[in-house]
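Below: the structure, in structure tokens.
Here, each number is a calculation from the coordinates, and none is a lab measurement. In this text, all values refer to a predicted model and were calculated from it rather than measured experimentally. Reconstructed Cβ throughout: ideal geometry from the backbone, glycine too, with neighbour counts over all protein chains shown.
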Amino acid sequence: MKIRESFYPAGVYVGVPNFAVFRNEEYFNRPHEYLPERWIVDSSTGTDEEQVKLARSVFKPFSIGPRHCIAQRLAVKEVSYVIAQLVYLLDFRIVGESGKLARDILPDVGSHVVMEQIDVFTSLEKGPMVEWRPRDGAGKHVLILGATSGLGYAVAKAALAATASLTISSSSAERIDATIHKLHASLPNSEIKGYACNLAGENVEQEIEQLLQRAEAGSGKVDHIIYTAANSLPVMPVQDITREKIISAGQLRFVAPILVAKIGSRYLSSGPESSITFTSGTIAEHPSPNWTLMAGYMGGISSATRNLALDLKPIRVNAVSPGLVDTELWNQLVPNAEEKAGMFQHLAQKHPTGRVAKPEDLAESYLYLMKDINITGQIINSDSGALLM
Ligand SMILES: NC(=O)c1ccc[n+]([C@@H]2O[C@H](COP(=O)([O-])OP(=O)(O)OC[C@H]3O[C@@H](n4cnc5c(N)ncnc54)[C@H](OP(=O)(O)O)[C@@H]3O)[C@@H](O)[C@H]2O)c1
Ligand code: HEM
């Protein structure tokens, strides 16, 4: 075989280096330019399917023939995992023009920027250079009390997707295990731990202290505490209210959150990057028959939120105030599924948004309150527009 002026006898293996084939106009449009978009079919960049197919047909980074890399499959898996992990944890951007002007390297290929080649065993390209930073929420440790259902579960899922490490809690070790299993099924490899903490008992302070100790020992310093724990809704005519019922209704809705703030603030770093987020409800501002106890406690937790933001500064303290949300909380008050669906449909029509909120809608408010280090002492109403009704 003759290539240019040289003759190669039969039996000689002839190879084409990647450098040469990648700069061949038969396969690549504008071959000397750095155009990563050439690998993705997209009408807005003018890359069609045929071009990508042609380019891929000569893309042989592991070589072919007798010198073919023996570890191609292993290397592709390794590289895929590394890139997936980097993109999952970090944001990146290109830093300036990290290549060199083409005319300084190859005088006949124009004046665009090309990546500098370095001689190594095969060849190495210097650039493009990228700058990395942790994604929002990456590496943050979020503790959620009340994470086995409803709003708390939705926040747990959303926080994990935002790459937080997570500690979840509720009164039941069994439900915590089931929840961790469920979260792992949707987000494998996520870092989730869980510990039971019964907020309903008299020894609630010890329970909270123990939870925070275990959370810190298990996954490091806690950055954010979310409180969505609640038991059955104390909805009743005024004539049914007793001293015991008032006290019992307040335990998870007022007593425990304040104690979580008191004890939790000792475990959070002292700074606006740390936050505590409570859960209130539209009933605090919009009365409804038989909801006096709820109105009192929800109003109470909203006011306490503002005050705690001062008392615990610079740690931020906020609350989310939902309207009606389709969660398990309603199962006790309206056990009949048909009746519940009818009630939700009726209220959806009245809501300015025309729908009943899903817990994952509300999760966005909790995420926001964790991320915005400028917000404290605020109550976010995410209520389908219920306060306008
Ligand atoms: N859903 C709505 O329409 C709505 C509207 C406005 C305001 N809110 C407020 O939002 C908050 C969360 O409601 P949700 O709908 O998410 O309720 P949910 O689905 O019933 O969830 C309540 C959570 O609290 C936990 N919990 C119950 N008893 C506990 C205890 N003794 N100790 C520790 N944890 C306990 C439950 O877990 P275990 O059972 O495993 O312990 C569960 O994880 C409540 O404060 C509620 O008033 C809800
Ligand atoms: C992205 C990563 C990798 C790339 C792009 C790559 C690419 C290549 C290329 C182009 C060759 C041929 C070299 C030549 O013709 O002179 C080669 C050969 C080889 N590679 Fe890789 N390689 C990678 C990773 C690995 C890994 C992880 C291993 C070992 C665990 C490995 C082991 C080998 C061996 C042993 C050869 C020589 C094969 C032979 O001559 O028979 N490579 N590789």
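Couple of notes before you dig in:
- Difference of contour (0.36 nm per residue) and Cα-Cα distance, Q213 to S43: 55.7 nm
- Region 113-247 pair-distance distribution - Cα-Cα, 5 Å bins, rounded %: 2, 9, 16, 16, 13, 8, 7, 7, 6, 5, 4, 3, 2, 1, 1, 1, 1, 0
- Placing +1 on the Cβ of every Lys and Arg and -1 on the Cβ of every Asp and Glu, with no other charges, gives region 223-284 a dipole of roughly 180 debye about its Cα centre.
- Eigen-decomposition of the gyration tensor built on the alpha-carbon atoms of region 290-351 gives equivalent ellipsoid semi-axes of 32, 12, 11 angstrom, largest listed first.
- Considering region 187-289, its Cα convex hull presents a mean projected area of 8.8 nm².
- When Rg and the Kirkwood Rh are both derived from Cα coordinates, the Rg/Rh ratio for region 270-389 amounts to 1.02.
- Region 12-129: radius of gyration over Cα atoms, expressed as a fraction of 2.2 N^0.38 Å: 1.19
- Along the axis of the charge dipole computed for the chain (Cβ charges of +1 for Lys and Arg, -1 for Asp and Glu, origin at the Cα centre), the listed residues L308, M236, S275 are led at the positive end by S275.
- For region 52-189, taking Cα atoms only, Rg and Dmax work out to 23.1, 73 Å respectively.
- Viscosity 1.002 mPa s, 20 °C: Kirkwood-radius Stokes-Einstein D of region 108-175 over Cα pairs, µm²/s: 132 µm²/s
- The order of the peptides 379-385, 236-242, 313-319, 342-348 by mean Cβ neighbours within 10 Å, most packed first, is 313-319, 379-385, 342-348, 236-242.
- The long axis of helix 256-267 is offset from the longest Cα principal axis of the chain by roughly 40 degrees.
- Distance histogram in 5 Å bins (all Cα pairs of region 1-53, percent per bin): 4, 16, 20, 18, 12, 9, 10, 7, 3, 1
- Helical mean residue ellipticity (222 nm; -39500 (n - 2.57) per DSSP H run of 4+; nearest 500) of the chain: -11500 deg cm²/dmol
- By the Stokes-Einstein formula, at 1.567 mPa s and 4 °C, region 210-354 with its Kirkwood radius over alpha-carbon pairs has D equal to 77 µm²/s.
- Where labels lie 7 Å past Cα in the beta-carbon direction, separation of D311 and K100 in nm: 6.6 nm
- Positive-end ranking of G99, I83, L124 along the dipole of region 42-178, with charges on Cβ about the Cα centre, is headed by I83.
- Descending semi-axes in whole angstrom, ellipsoid equivalent of region 68-135, from the Cα gyration tensor: 28, 21, 8
- Cα long-axis angle, helix 150-161 against the chain (0 to 90 degrees, to the nearest 10): 20 degrees
- Net dipole in debye of the chain [+1 Lys, Arg Cβ; -1 Asp, Glu Cβ; about Cα centre; nearest 20]: 420 debye
- Fraction of C-alpha pairs exceeding 38 angstrom in the chain: 42 percent, rounded to a whole number.
- With the simple model of a label 7 Å out from the Cα in the direction of the Cβ, R23 to R67 spans 1.8 nm.
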